[in-house]
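Following: one structure in structure tokens, then a few remarks.
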Amino acid sequence: MAASSSGYSRMFCKLRKYVNKSQSLYHTFVIRTIWTSGSKTQLQPKAHTKSLPRMVGVVGLEIHAQIQSTSKLFSGSHVRFLAPPNSLVSHFDASLPGTLPVLNRRCVEAAVLTGLALSCTINRKSLFDRKHYFYADMPAGYQITQQRVPIAVDGILVYSHFEGRRRNQVITRSVRIKQIQLEQDSGKSLHDDERSQTLIDLNRAGVGLMELVMEPEMCCGEEAAAAVRELQLILQALGTCQANMAEGQLRVDANVSVHRPGEPLGVRTEVKNINSVRHLAKAIDYEIQRQMEVLQSGGTVLNETRAFDSKSGNTIPMRDKEGLQDYRFMPEPNLPPLFVYESEASVPAGVDPAQVVVIDRLSAQLPELPSVKRTRLVETHGILQEHSFTLVNEDGLMDYFESVVQMTKIEPRKVIGWVIKELMGNLNSQSLKVSQSPISPCALAELINLVESNHISSSTAKQVFQEMWKAPEKKVGQIVKEQDLWMINDKDELQKICQRVVDSHPEEVQIIRRGNKKVLNKLMGEVQRETKGRTDPVQVRAILEKMVS
Amino acid sequence: ALGSDTGGSTRNPGSLCGVVALKPTYGLLSRHGLIPLVNSMDVPGIMTRSVHDAATVLRIMQGRDERDSTTIQAPSTPPSLPEHFDIRDIRVGIPKEYHALGLSQDTLDQWSRVATMFEQAGAQVQEVSLPHTQHSIVCYHVLCCCEVASNMARFDGLEYGHRSTVDSSTDAMYATTRHEGFNNVVRRRILSGNYFLLKSNYDRYFVKAQQMRRLITEDFTNVFRSGIDVLLTPTTLSDAVRYSDFIQEDNRTRSAQEDIFTQPVNMAGLPAVTIPTALSCRGLPIGLQLIGQTLQDWKLLTVAHWMEQQLSFPVIHFHGDSDERELDRSKVTFAFTAMTRLQTIAAPEVILLHRRMLFNTALALSARSTAMGPITHHSSAPDHSEPCNRTPERTKGK
């Protein structure tokens, strides 16, 4: 029951107003209202529905992050994206009998680093298990994972997202990480429906994965998307995973259910096949909506797996997973328990410290995490929080910004405008990365310095910026000179120009004298137009005001 | 020869064929390359003509292999078994629970004879108890089936091996391939194993069996801690059974009987060796097993070596020293017959003890400088005082 009785009548009043405005708007509004408030039974609201709280969505994420390592988790085959099919497959990966798993230390270190960055407790002893199921892309008939005792537990991911009409209010939230476990990736199967066959590529089979399980503490697609974006930044900063969703390095499955707060959790569905953060938000929101409609029309939500269809924006049931699988977990007998040590001192005698994973050693290697970077940017440079997000989100932008700041004397806040609007604007329109920018930090700093020293006006500077973009080999001064864009600072000359404008606009002068100050802007505009923007608006305004009064 | 010993699959044929068969401590020999049956119990087994040869092979093969994460560093091992060894320093334990139903009179007699032999030589021989022995075989079967179900999951015909022609769906292909490729013994074990591993059954079967396994291991630990050096037990219930008799019972029952003395050793990961002791009434070999403490393989072999020397069970010898390695076929008849009988009763998972393989390996190991005389007939075992007829029985077909 989404709407209370009084709310509903309020909605009807609004409806009547809108009818007058436009017919089409009325229709869309009506359709929308009915959609969000449920079925037609809502038309007779009962008095007691006032007390029932709204249904809310509950979202928990299961994330598989492909570990960035040279070789696979249990074998020496290389890990590479886009290699010829079945060219990176060892005997163990193909499950030939007689081969045994040998644990890759780099993968353990990656998991520990990630656990430390997410404030997890690292289990000093963790175990490996076999999870059995039959599928063509899993040659052994089981996956080696960590079901009983994973490598890290009880962490927390702090993320932020923007709210408010201008999306400039930062809301910080956190979600608990239940556990991080090491496991094998499966191969890839490509279905060839034409020839009724499935092609199997085992290059990916056996690659190390970190599975991160989050508690169901998020409420909607936006929160999930923000959490995943933050996680991507963290993993990239650590170097443990490249976290590119489109390339399958980060795979996110969403567990979605709906309920009324205070009541037990509803039946959940699992949504898979999500290829980007944007799709994640869409998929979750669609699924929450769908479940609410099902419940409100008296149906029940099935515990099933659904795939997200990016074209339609819907989730559709997947036919492969039928019923609940019993994975017949069994301890992996070929791998002894995994021990990680607190410090060099806690490594037992007879064990070479260089051969084992030591937590202290890894803690010392932790790089600056995104949240720390952002705080530092805000504190050091006095920029707005929302800008710190943009700087950290874009690869290389923070360094770019800080270089420019170093080379100019102006307030960093002013540099932000250049970096976020002009630079990023151009980069985005051409789908370029910061590293591919034709304008280097030096060049931009030069430009900014010219504006500061009043050699060119700020509006000219923007023009020059675009010229520099097109011709990166030319220096700033060169461009300004070529196009004769130097600022007019000579007072006499300014006076002359202003006088000219004032004289040619007697009507406007009269209007100003009579009290309408706003028309001054028109005169200023004229001055700018005549001088091709090579004047300082502040000075011009002062002169004009004097002349007019 | 190399075999694989999961529940006695090396020691059993070794005993029935009259050769030395050693199962080293779990983790001493790498399992890389060994097709797995039960990963937590499998050990490559060593079959040789003499204890000295087994010791030689062990010394070469033992040690950590980075391709097998369950291997351990081998204890420091001298170049050969000790020349001078005082048996009076040794305490031999006789587990009373191993006096099992079905033990043949011949085997029982040999068991007491050898125990007496140890005692008379000055060693301390005493009865000990391994109280959980009665549960061992069932526990072994549960764990064996669970791991078999898991290890056999890879045989789906996709990457290698037999693939059925049914291709209506991947599931159908898998199901028929596996049904066609596995015989009913394996299928039975897979189904049982999967049943035990179901979430609802896991605690009652798998976990329970592992707990029992721990108790069985502790039985051994306690006995060894009390000062016992080695345990002396039979290896099999009797000499080699005729095929026609063997097939009277199903595989599961037979396995339970055949493995009864050998599988607790695999459960506990201990080293054990079977030594050919004497010939039975029917002229077939009987072996006895010595079980040692974990990682005390060398001590075990030292005692075994002493025992072998006392028993003088006829070892297979060959013509000449170097060039003429011709086998005198007429004199080999007896040995061949014994081995032929063995072939027909081998348990499915045994890496088949082919008679040619045995001879070839025996040739390879003929570094032994002792007399390479013509193959002698086993008639001169000094202590063998059985009055019954020892000519081999003629079987009416197989």
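The values are calculated or read from the model by the stated rules, or taken from the named source; none is laboratory data. Remember, it's a predicted structure, so these values are computed and weren't measured experimentally. Every residue, glycine among them, receives a Cβ derived from its backbone with ideal geometry; neighbour counts consider all protein chains shown.
Could you please tell me which pairs satisfy a Cβ distance under 7 Å, a separation of 6+ or placement on different chains, a first residue in region A:522-549 that is touching a residue at least 60 places away in the same chain (Cβ under 8 Å) and at positive phi, and a second residue that is in a helix (DSSP H, G or I) and buried (at least 19 other Cβ atoms within 10 Å of the Cβ)?
A:Gly533/A:Thr460
Can you give me the ranges of the strands (runs of 3 or more DSSP E) entirely in region A:116-189 with at least 2 residues that are within 14 Å of another protein chain (Cβ to nearest Cβ) and at pLDDT 95 or above? Before you say what the answer is, go through the steps one by one.
Working: elements: A:129-132, A:142-145, A:152-163, A:169-184.
By residue number, A:129-132, A:142-145.
Of the numbered conditions (1) among the hydrophobic types (A, V, I, L, M, F, W, C); (2) more than 8 Å from chain A (Cβ to nearest Cβ); (3) in contact with a helix residue (DSSP H, G or I) (Cβ under 9 Å, 6 or more places away or on another chain), B:Leu158 satisfies every one except a single condition; which is it?
(2)
Do you know which of the residues in region B:26-50 that are outside any strand (DSSP E or B) and among the hydroxyl-bearing types (Ser, Thr, Tyr) is nearest to the other protein chains (Cβ to nearest Cβ)?
By that ranking, first place goes to B:Ser40.
Being in a helix (DSSP H, G or I), away from chain A (no Cβ under 12 Å), in contact (Cβ under 8 Å) with a residue 12 or more places away in the chain and of a type outside the set (Ser, Thr, Tyr) is the requirement here; does B:Ile94 meet it? Spell out the reasoning first.
Numbers: in a helix (DSSP H, G or I): no; away from chain A (no Cβ under 12 Å): yes; in contact (Cβ under 8 Å) with a residue 12 or more places away in the chain: yes; of a type outside the set (Ser, Thr, Tyr): yes.
In short, no.
Can you give me the ranges of the helices (runs of 4 or more DSSP H) entirely in region B:126-237 with at least 3 residues that are over 30 Å from A:Asp193 (Cα atoms)?
Working: elements: B:133-151, B:170-181, B:184-197, B:199-202, B:208-225.
In region B:126-237, B:133-151, B:184-197, B:199-202, B:208-225 are the helices (runs of 4 or more DSSP H) which contain 3 or more residues that are over 30 Å from A:Asp193 (Cα atoms).
Exactly one condition in (1) surrounded by 13 or more Cβ atoms within 10 Å (Cβ to Cβ); (2) free of Cβ contacts under 8 Å to residues at least 60 places away in the same chain; (3) among the polar types (S, T, N, Q) is false for A:Ser457; which is it?
That leaves (2) as the condition not met.
Out of all the residues in region B:197-215, which are among the hydrophobic types (A, V, I, L, M, F, W, C) and facing chain A (nearest Cβ under 9 Å)? First the steps, then the outcome.
Looking only at region B:197-215, we keep the residues that are among the hydrophobic types (A, V, I, L, M, F, W, C), and these are B:197-198, B:206-207, B:209, B:212, B:215.
Within region B:197-215, B:Leu197, B:Leu198, B:Phe206 meet the criteria.
In region A:140-193, what count of residues is obtained for those that are among the hydroxyl-bearing types (Ser, Thr, Tyr) and more than 18 Å from the chain's Cα centre (by Cα)? So that I can check it myself, show each step before the final result.
Narrowing region A:140-193 to residues among the hydroxyl-bearing types (Ser, Thr, Tyr): A:142, A:145, A:159-160, A:172, A:174, A:186, A:189.
Of the ones still in play, those that are also more than 18 Å from the chain's Cα centre (by Cα) are A:142, A:145, A:186, A:189.
Looking only at that region, the number is 4.
Among (1) over 21 Å from B:Arg213 (Cα atoms); (2) surrounded by 20 or more Cβ atoms within 10 Å (Cβ to Cβ), where does B:Val38 come up short?
It fails just one condition, (1).
Exactly one condition in (1) within 14 Å of chain A (Cβ to nearest Cβ); (2) charged (D, E, K, R); (3) assigned to a helix (DSSP H, G or I) is false for B:Arg59; which is it?
Condition not satisfied by B:Arg59: (1).
Considering each of B:Asp53, B:Asp68 in turn, give the residue that is free of Cβ contacts under 8 Å to residues at least 40 places away in the same chain and buried (at least 19 other Cβ atoms within 10 Å of the Cβ). Even if it seems obvious, please write down each step before you answer.
Numbers: B:Asp53 fails: free of Cβ contacts under 8 Å to residues at least 40 places away in the same chain.
Among B:Asp53, B:Asp68, only B:Asp68 is free of Cβ contacts under 8 Å to residues at least 40 places away in the same chain and buried (at least 19 other Cβ atoms within 10 Å of the Cβ).
Can you name the number of the only condition in (1) touching a His at 6+ places or on another chain (Cβ under 8 Å); (2) within 14 Å of chain B (Cβ to nearest Cβ) that A:Phe308 fails?
Only one criterion in (1) touching a His at 6+ places or on another chain (Cβ under 8 Å); (2) within 14 Å of chain B (Cβ to nearest Cβ) is unmet by A:Phe308, namely (2).
When you scan region B:240-298 for helices (runs of 4 or more DSSP H) that lie fully inside it, which ones turn up with 1 or more residues that are modelled with pLDDT of 95 or more, on the phi < 0 side of the Ramachandran plot and touching a strand residue (DSSP E or B) at 6+ places or on another chain (Cβ under 7 Å)? Can you show your working first?
Working: elements: B:243-246, B:251-258, B:263-268.
In region B:240-298, the matching helices (runs of 4 or more DSSP H) lie at B:263-268.
Of everything in region A:197-213, what is over 16 Å from A:Gly141 (Cα atoms), surrounded by fewer than 23 Cβ atoms within 10 Å (Cβ to Cβ) and among the aliphatic types (A, V, I, L, M)? Give them in sequence order.
Once the filter is applied, which keeps residues that are over 16 Å from A:Gly141 (Cα atoms), surrounded by fewer than 23 Cβ atoms within 10 Å (Cβ to Cβ) and among the aliphatic types (A, V, I, L, M), region A:197-213 yields A:Leu199, A:Val213.
Can you name every residue in region B:1-25 that is within 11 Å of chain A (Cβ to nearest Cβ) and either touching a Lys or Arg at 6+ places or on another chain (Cβ under 7 Å) or assigned to a loop (DSSP other than H, G, I, E, B) (or both)?
The first filter runs over region B:1-25 and keeps only residues within 11 Å of chain A (Cβ to nearest Cβ), leaving B:4.
Result: no residue meets the conditions.
Take region B:28-51 and flag every residue that is among the small types (Gly, Ala, Ser), modelled with pLDDT of 95 or more and closer than 26 Å to B:Met307 by Cα.
Listed by number, the list holds a single entry, B:Gly45.
Please note which helices (runs of 4 or more DSSP H) are completely contained in region A:392-467 and include at least 3 residues that are touching a helix residue (DSSP H, G or I) at 6+ places or on another chain (Cβ under 6 Å).
Details: elements: A:397-407, A:412-417, A:424-429, A:441-452.
Fully inside region A:392-467 and qualifying: A:397-407, A:412-417, A:441-452.
Check off (1) in contact (Cβ under 8 Å) with a residue 40 or more places away in the chain; (2) aliphatic (A, V, I, L, M); (3) within 14 Å of chain A (Cβ to nearest Cβ) for B:Met152 and give me the number that stays unchecked.
(1) is the only condition that B:Met152 fails.
Scan region A:79-93 and give yes if some residue there is more than 30 Å from A:Gln236 (Cα to Cα), touching a Ser or Thr at 6+ places or on another chain (Cβ under 9 Å) and modelled with pLDDT of 85 or more, otherwise no.
Residues of region A:79-93 more than 30 Å from A:Gln236 (Cα to Cα): A:91.
Restricting the remaining residues to those that are touching a Ser or Thr at 6+ places or on another chain (Cβ under 9 Å) gives A:91.
From the residues that got through so far, the ones that are modelled with pLDDT of 85 or more too are A:91.
Yes, region A:79-93 contains at least one residue that is more than 30 Å from A:Gln236 (Cα to Cα), touching a Ser or Thr at 6+ places or on another chain (Cβ under 9 Å) and modelled with pLDDT of 85 or more.
Give the residues of region B:66-75 that are within 14 Å of chain A (Cβ to nearest Cβ) and closer than 19 Å to B:Leu270 by Cα, sorted by residue number.
Our first condition is that a residue be within 14 Å of chain A (Cβ to nearest Cβ); within region B:66-75, this holds for B:66-73, B:75.
Within region B:66-75, B:Asp68, B:Ser69, B:Thr70, B:Thr71, B:Ile72, B:Gln73, B:Pro75 meet the criteria.
I'm trying to understand the selection: among the residues of region A:274-331, which are surrounded by 15 or more Cβ atoms within 10 Å (Cβ to Cβ), in contact (Cβ under 8 Å) with a residue 40 or more places away in the chain, of a type in the set (Lys, Arg) and within 30 Å of A:Pro53 (Cα to Cα)?
If the condition is that a residue be surrounded by 15 or more Cβ atoms within 10 Å (Cβ to Cβ), in contact (Cβ under 8 Å) with a residue 40 or more places away in the chain, of a type in the set (Lys, Arg) and within 30 Å of A:Pro53 (Cα to Cα), then A:Lys282 is the only one that fits.
Would you confirm whether any residue within region B:101-115 is part of a loop (DSSP other than H, G, I, E, B), on the phi < 0 side of the Ramachandran plot, of a type in the set (Val, Ile, Thr) and away from every other protein chain (no Cβ under 14 Å)? Full working, then the answer.
Looking only at region B:101-115, we keep the residues that are part of a loop (DSSP other than H, G, I, E, B), and these are B:101-104.
Filter once more, so that each one left must be on the phi < 0 side of the Ramachandran plot: B:101, B:103-104.
Imposing the further condition that a residue be of a type in the set (Val, Ile, Thr) reduces the set to none.
No, region B:101-115 has no match at all.
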